[in-house]
Amino acid sequence: MFDAKALKKDFPILDQQVNDEPLIYLDNAATTQKPQQVLDVLNKYYQEDNANVHRGVHTLAERATKDYEAAREKVRAFIHANETAEVLFTRGTTTSLNWLAQSYGMANLKAGDEIVISYMEHHSNIVPWQQVAKATGAKLVYLELTADGQLDMTDAKAKIGPKTKVLSIAHVSNVLGVTNPIKELADLVHQHGGIIIADGAQAVPHMTVDVQSLDVDFYAFSGHKMCGPTGIGVLYGKRQHLEKMEPVEFGGEMIDFVYDQESTWTELPWKFEAGTPNIAGAIALGAAVDYLTEIGMDQIHAYEEELTAYVMPKLQAIDGLTIYGPQSSDDRGAVIAFNLDSVHPHDLATAMDMQGVAVRAGHHCAQPLLRYLDVQSTARASFYFYNTIEEADQFVAAVIAAKEFFENGPI
């Protein structure tokens with residue numbers, strides 16, 4: 001049986017009071033907290049094994065290299081990639097998507113080609129493609145959403161065609177909570193000779209992801225949203241594409257030979273990892289993968305579905321509260337963006353914080369989506385497996401208390 005209360009004890013940061021109230025952390029779409037198991041591995045690396053990788057032959061260097069590459073193998077297995085050569089360590093999802101835009105995009109796009117994205121994308125999956133479109137003359141095309149905030153597949157089938165060279169799309173929306181049909185989209189774009197890139201930042205932490213089954217050409221995600229440290233992320237790519245791509249960054253350890261006027265690159269995956277990588281971050285990400293694997297991604301996903309189904313009707317019962325995205329919990333994940341009538345989201349988030357409840361307020365790095373929804377900002381509660389049913393109740397009570405405060409003032 002899934003025991004969120006027991007799992008919560010693995011996270012020392014959650015055992016504290018904020019504004020004299022027990023902390024209820026519901027900003028997991030921004031970053032998740034780290035279990036003691038990951039913190040211990042991070043600490044051990046710096047206390048016992050700290051050395052640069054792929055360089056020295058001394059014992060510490062060999063231990064660091066062994067653990068760094070072992071983490072790559074853990075990530076490979078976690079996302080079911082075919083080989084470790086297809087797993088690149090980056091600084092996070094944003095870096096992964098920028099690498100793709102600057103390397104694959106600049107080399108393969110020209111005037112008249114189309115880059116297809118959707119209105120639900122994070123800025124990190126919009127801005128890099130805007131820059132490539134400006135530089136190459138390619139056109140940026142947006143897929144529409146349905147009235148309840150899901151990807152409009154009728155529009156997708158109409159817009160994805162022979163001109164589509166790149167489809168880059170979120171696996172799970174960081175605002176609407178919807179899961180996009182990546183395999184169906186992959187089949188569609190592949191029929192027309194294009195490639196698909198999936199932004200998995202909000203998917204990998206919450207569900208089983210099999211990049212081979214999804215048939216994605218590239219898949220990007222961040223360590224810090226899945227119990228790992230900040231500053232480490234992953235770019236998965238099919239070998240056939242990575243072999244043809246040029247690195248974006250150049251320097252130490254990504255070279256084969258350096259001559260006076262030119263250089264050659266080493267083999268995958270290291271040809272993309274110039275300089276000293278985030279060694280501790282990668283090793284700790286491997287520990288996070290171990291931790292999540294031990295719990296079970298299917299169990300995590302099922303529990304989050306249960307939590308969403310529990311909290312959604314309670315929020316919907318609050319007069320004047322608007323939830324963005326699908327209204328049925330069957331069609332969304334545990335990310336819930338919402339507004340209260342006549343209350344600015346920042347004021348609402350501050351009132352929630354005074355009750356110990358941490359939620360996000362703002363545009364969530366999705367300004368085109370918020371314009372599409374005709375709102376300037378929203379509050380957002382994002383749950384993870386360590387959030388309990390009791391915390392969900394306290395969250396709803398905090399929303400109601402904030403509503404009463406702004407309507408009637410303090411009692």
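The values are calculated or read from the model by the stated rules, or taken from the named source; none is laboratory data. Every value quoted in this text rests on a predicted model; they were computed, and no experiment measured them. Here the Cβ is made from the backbone with ideal geometry for all residues, glycine too, and neighbour counts use every protein chain on show. Just the protein is used for accessible areas: all its heavy atoms, side chains included, with ligands, DNA and RNA removed. Shrake-Rupley method; radii C 1.70, N 1.55, O 1.52, S 1.80 Å.
Scanning the range 342-371 for residues that are modelled with pLDDT under 95 and in a helix (DSSP H, G or I) returns no hits.
Residues that are part of a strand (DSSP E or B), under 22 Å from the mean Cα position of the chain (by Cα) and surrounded by 14 or more Cβ atoms within 10 Å (Cβ to Cβ) do not occur anywhere in the range 28-44.
Please verify whether the range 75-96 includes one or more residues that are open to solvent by 30 Å² or more (accessible area, probe 1.4 Å), without any contact (Cβ under 8 Å) to a residue 12 or more places away in the chain and not hydrophobic (A, V, I, L, M, F, W, C). Scanning the range 75-96 turns up at least one residue that is open to solvent by 30 Å² or more (accessible area, probe 1.4 Å), without any contact (Cβ under 8 Å) to a residue 12 or more places away in the chain and not hydrophobic (A, V, I, L, M, F, W, C). Residues in the range 74-92 that are within 20 Å of residue 291 (Cβ to Cβ) and either of a type in the set (Phe, Trp, Tyr) or in contact with a strand residue (DSSP E or B) (Cβ under 8 Å, 6 or more places away or on another chain) (or both): 75, 76, 78, 79, 81, 87, 89, 92. All told, residue 70 meets the bar of being surrounded by fewer than 24 Cβ atoms within 10 Å (Cβ to Cβ), in a helix (DSSP H, G or I), over 20 Å from the mean Cα position of the chain (by Cα) and in the same structural domain as residue 207 (by the TED database). Per the listing 110, 134, the residue uniquely assigned to a loop (DSSP other than H, G, I, E, B), of a type outside the set (Phe, Trp, Tyr) and open to solvent by 70 Å² or more (accessible area, probe 1.4 Å) is 110. Taken as a whole, the structure places residue 282 among residues that are touching a residue at least 12 places away in the same chain (Cβ under 8 Å) and touching a Phe, Trp or Tyr at 6+ places or on another chain (Cβ under 9 Å).
Could you pull out the residue among 140, 88, 97 that is within 25 Å of residue 273 (Cβ to Cβ) and outside any helix (DSSP H, G or I)? Don't jump to the end; show me each part of the working.
Values: 140 fails: within 25 Å of residue 273 (Cβ to Cβ); 97 fails: outside any helix (DSSP H, G or I).
After ruling out the rest, the residue left standing is 88.
It is to be established whether one or more residues within the range 130-148 are in contact (Cβ under 8 Å) with a residue 12 or more places away in the chain, assigned by the TED database to the domain that holds residue 192, within 30 Å of residue 293 (Cβ to Cβ) and in contact with a helix residue (DSSP H, G or I) (Cβ under 7 Å, 6 or more places away or on another chain).
As a first pass, look at the range 130-148 and keep what is in contact (Cβ under 8 Å) with a residue 12 or more places away in the chain: 131-133, 135-145, 148.
If we keep only those that are assigned by the TED database to the domain that holds residue 192 too, we end up with 131-133, 135-145, 148.
Now restrict to residues that are within 30 Å of residue 293 (Cβ to Cβ): none.
Looking for residues that are in contact (Cβ under 8 Å) with a residue 12 or more places away in the chain, assigned by the TED database to the domain that holds residue 192, within 30 Å of residue 293 (Cβ to Cβ) and in contact with a helix residue (DSSP H, G or I) (Cβ under 7 Å, 6 or more places away or on another chain), one finds none in the range 130-148, hence no.
Yes/no matrix, rows are residues, columns are (1) more than 29 Å from residue 119 (Cβ to Cβ); (2) more than 21 Å from the chain's Cα centre (by Cα); (3) among the charged types (D, E, K, R):
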residue: 236; (1), (2), (3): no, no, no
residue: 253; (1), (2), (3): yes, yes, yes
residue: 293; (1), (2), (3): yes, no, no
residue: 316; (1), (2), (3): no, yes, no
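Only one entry in 325, 333 is in the same structural domain as residue 388 (by the TED database) and over 21 Å from residue 226 (Cβ atoms), namely 325. Return the residues of the range 363-389 that are surrounded by fewer than 17 Cβ atoms within 10 Å (Cβ to Cβ) and without any contact (Cβ under 8 Å) to a residue 40 or more places away in the chain; say none if nothing qualifies. Result: 371, 374, 376.
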